[in-house]
Amino acid sequence: MQLSKDGTTWYSWESFSTVRQATFSSGPGVKTFYVRFRDGNGNVSPVYRDEIVLAP
């Protein structure tokens, strides 16, 4: 899997995991996280995203 905080700049590919820690900028607001997956043949999935809302 490969992760991104902006959907443009991606971290290195890493092994799939159902749990992963990430650090976002401090402060309230919407934080968006992007992920895509690659299979054994090198096919890359569409980009999936999720949002976390941090209250003030």
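Kindly evaluate TYR11 against the criterion of being among the hydroxyl-bearing types (Ser, Thr, Tyr), in contact with a Gly (Cβ under 9 Å, 6 or more places away or on another chain) and surrounded by 10 or more Cβ atoms within 10 Å (Cβ to Cβ).
The answer is no for TYR11.
Within the stretch 24-45, the residues that satisfy the criterion of being of a type outside the set (Gly, Ala, Ser) and closer than 18 Å to LYS5 by Cβ are PHE24, PRO28, VAL30, LYS31, THR32, PHE33, TYR34, VAL35, ARG36, PHE37. Scanning the stretch 18-54 for residues that are in a loop (DSSP other than H, G, I, E, B) and of a type in the set (D, E, K, R) turns up ARG20, ASP39. Here ALA22 passes the criteria (1) surrounded by 10 or more Cβ atoms within 10 Å (Cβ to Cβ); (2) at pLDDT 95 or above except the one numbered (2). Close contacts from the stretch 13-29, counting a first residue that is more than 24 Å from GLY40 (Cα to Cα) and a second that is part of a loop (DSSP other than H, G, I, E, B), with Cβ to Cβ under 8 Å and a gap of 6+ residues or different chains, come to ALA22/LYS5; PHE24/LYS5; PRO28/ALA55; PRO28/PRO56. For PRO46, state whether it is touching a Leu at 6+ places or on another chain (Cβ under 6 Å) and either exposed (fewer than 10 other Cβ atoms within 10 Å of the Cβ) or of a type in the set (A, V, I, L, M, F, W, C) (or both). Criteria not met by PRO46.
The values are calculated or read from the model by the stated rules, or taken from the named source; none is laboratory data. It should be emphasised that the depicted structure is a prediction, and the values quoted were computed from it without experimental measurement. Methodologically, a virtual Cβ is constructed for each residue, glycine included, from the backbone with ideal geometry; neighbour enumeration extends over all protein chains shown.
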